[in-house]
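Some notes on the structure that comes next.
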Amino acid sequence: MRRKLSILVILIAVLVVLPGILVAVGGGYWFRVATTIGVFIILTMSANLITGTTGLMSIGHAGFYGIGAYTAALLATNLHWPFYLTLPAAGVVTAFFGILLALPTMRLIGIYFAVATLGLGEIIHLTLLNWVGFTRGPMGISAIPGIALDGLFSASDIVNYYAVALAVVVAAFALGRLTHSYYGNALRAVREDDQCAASMGLNVVRLKIQSFAFACFFAGVAGALWAHTTGYISPADFRFSESILILAMMVVGGLGSLPGAIVGAVILLGLPEVLRPIGDYRMIVVGAVMFLSILFLPRGVLGETSVLAVMRRQFGLAWDNVKHLGWRQ
Amino acid sequence: MTTTPLLEIRNATRRFGGLLAVDDFSGVVQRGERVGLIGPNGAGKTTLFNLITCFTPLSSGSVRFDDSDISSLKSFEVARLGMARTFQNLRVMPNLSVFDNVSIGALGAFGHSPVAALLHRRGYAEDISRRTWEVLERAGLQDVAGELAANLSYGKRKYLEIARALALSPRLLILDEPAAGLNDTETAQLGQFVRQLSDEGLSLLLVEHDMNFVMNLCERVMVMASGRKIADGTPQEISRDPIVLEAYLGSDIENEGEAA
């Protein structure tokens, strides 16, 4: 009962109160800030499934976000698919690429996996940048149709807000069920000690691939939302720095925690907007928040495991077995 | 009633570079039997355990469990067949609660599917939590079920590791130095607990340095030195065997060097 009540409160807050406040403070620009934060909440929550829950340091998430955005943009501009088809299509295509690209890296451990995902992110970015015939390269794709349904609603900031807000709610619900369940325990066991998890009958490789696939699905949906809400995308939106931003949001909010992912995205994207009056100094404040949260909140605001613990495991495991350096047999 | 042994190790050999860690080891564990494996440090006991549980691949030889060859399986598949183990250096998951730690074993037994999680399947979750509570009560951990594993005492963590293995509903329980680091009272209690499990039909294979523990608990003892099996018999036979005494006490320098 209390659970149902709290879900209701959250839904009212997201769907009624927040848009009300945004309209009151002047709408327009603030709605765009809110949709950007929403897109990054989905990205951070999904990356959190890989890094926070399953314990694989992924620093190529922006690449998968890009695959989703380009899938939606190309389907919408070339084939004129409506948003309700491009969104799930972007998710499925991204999950497919996620599995395909992750398969060879699944037996890599620790820092080697992190470096491999960095490489994947860069490969995707460079492909988007240089495959001019297909992606239009650095010119990007413009005039992507917005989120609209004939006769019901047309593209506007408020419609964008609601689309993103609903996607955030659905993603939080699905990822919440995946993590707050016995299945989530299986993923956490992989994070804590993958060999021990295997000796308890868990299929570690399958669990890793599944968590990667789910995370990539939602990264793809986030990319599609980005494409439809902004109307223009270019490879510059999906660079390595975006992956690091997602990682920072996870770390500030707390690894392994879904509410933490939301808090992290709100802090790191909201602060620069709130601090706009103090001009360029605001990015220093944002940096300081990241720095201080690492110093004083090693588990982040709401995390269930500390960054250091994950990092130590990342580095420690890599030298576990000298003969198969960086690999799990 | 089958008469074949539950676990049968045939000429198991494992090389690490030039080192023969396990050298042509053969041995069996009968159904319901309590078998001890002893030997000086570096004899290859833990390596042998890793071979049996398919953590490390065999260089040659084979391992049969319940009449089927498991040599080429992966460790998670072997675990699902009913072979559960604990580790020499405790490997509980410190950031997870005691309950969640034990549920890992139950997950191994019941399987893990994201579909069940997404659809919130009641029956599946109830199966796992029932099994987890059963085992927690069995190991006397029900009162600390909500604690983080990191907060448990060393002794309790030993029980936690055994409980997690029991949640798999194994037929063979492999214990790597269960009594290490425990005082005499705790060791006696653990011995009693393990004997109870065995009385209920669980087969046991354990490595232990505490000779009293092994001699009291086990019906049969295998002795390993320098990767080879040098003796196999009842505790009484073993404690009188001159070859075993020599391996442990070292009658000449050459032997000592090998055992180290």
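Compared with the dominant Cα axis of chain A, that is its longest principal axis, helix A:307-318 is turned about 50°.
Axis of helix B:184-199 versus longest Cα principal axis of chain B: the two differ by about 80°, to the nearest ten degrees. The stretch B:98-174 and the stretch A:9-85 have Cα centres separated by 36 Å. Ranked by how many other Cβ atoms sit within 10 Å of their own Cβ, fewest first, the residues A:Leu225, B:Leu20 fall in the order B:Leu20, A:Leu225. When the charge dipole of chain B is built from unit charges on Cβ atoms (+1 for Lys and Arg, -1 for Asp and Glu) and taken about the Cα centre, the candidate among B:Asn95, B:Phe49, B:Ile128 whose Cα reaches farthest toward its positive end is B:Ile128. Could you work out how much longer the chain between A:Asp280 and A:Val25 gets when fully extended? Use 0.36 nm per residue separation minus the Cα distance between them, nm to one decimal. Here the answer is 89.5 nm. Fully extending the segment from B:Ser239 to B:Asp143 would add 30.5 nm, taking 0.36 nm per residue of separation and subtracting the current Cα-Cα distance. In the protein assembly as shown, helical runs assigned H by DSSP with n ≥ 4 each contribute -39500 (n - 2.57); averaged across all residues and rounded to the nearest 500, the mean residue ellipticity at 222 nm is -18000 deg cm²/dmol. The alpha carbons of the stretch B:92-167 occupy a box of 38, 23, 18 Å along the principal axes, longest dimension given first.
Computed from the C-beta positions of A:Arg32 and A:Met139, the FRET efficiency with R₀ = 30 Å rounds to 0.85. Quick check for you: which residues of the stretch B:1-35 have the amide N under 16 Å from the point 7 Å beyond the Cα of B:Ser62 toward its beta carbon? Label zone hits: B:4-13, B:25-28. Over all pairs of different C-alpha atoms, the protein assembly as shown has a mean inverse distance whose reciprocal, the Kirkwood radius, equals 26.4 Å. Dipole magnitude for the protein assembly as shown: about 1640 debye, using +1 per Lys or Arg Cβ and -1 per Asp or Glu Cβ, origin at the Cα centre. Here the spin labels are modelled as points 7 Å beyond Cα on the Cα-Cβ line, and at A:Leu85 and B:Ser129 they lie 4.3 nm apart.
Tilt of helix B:98-110 relative to the longest C-alpha principal axis of chain B, in degrees (0 to 90, nearest 10)? On a 0 to 90 degree scale, this one is about 80. Equivalent-ellipsoid semi-axes for the stretch A:2-318 (Cα gyration tensor, √(5λ), whole Å, largest first): 30, 24, 20.
Values quoted throughout were computed directly from the atomic coordinates according to the rules given, and no laboratory measurement underlies them. On a predicted model such as this, the values are computed, not experimentally measured, just so you know. Glycine gets a Cβ as well: all are built from the backbone with ideal geometry, and neighbour counts include every protein chain shown.
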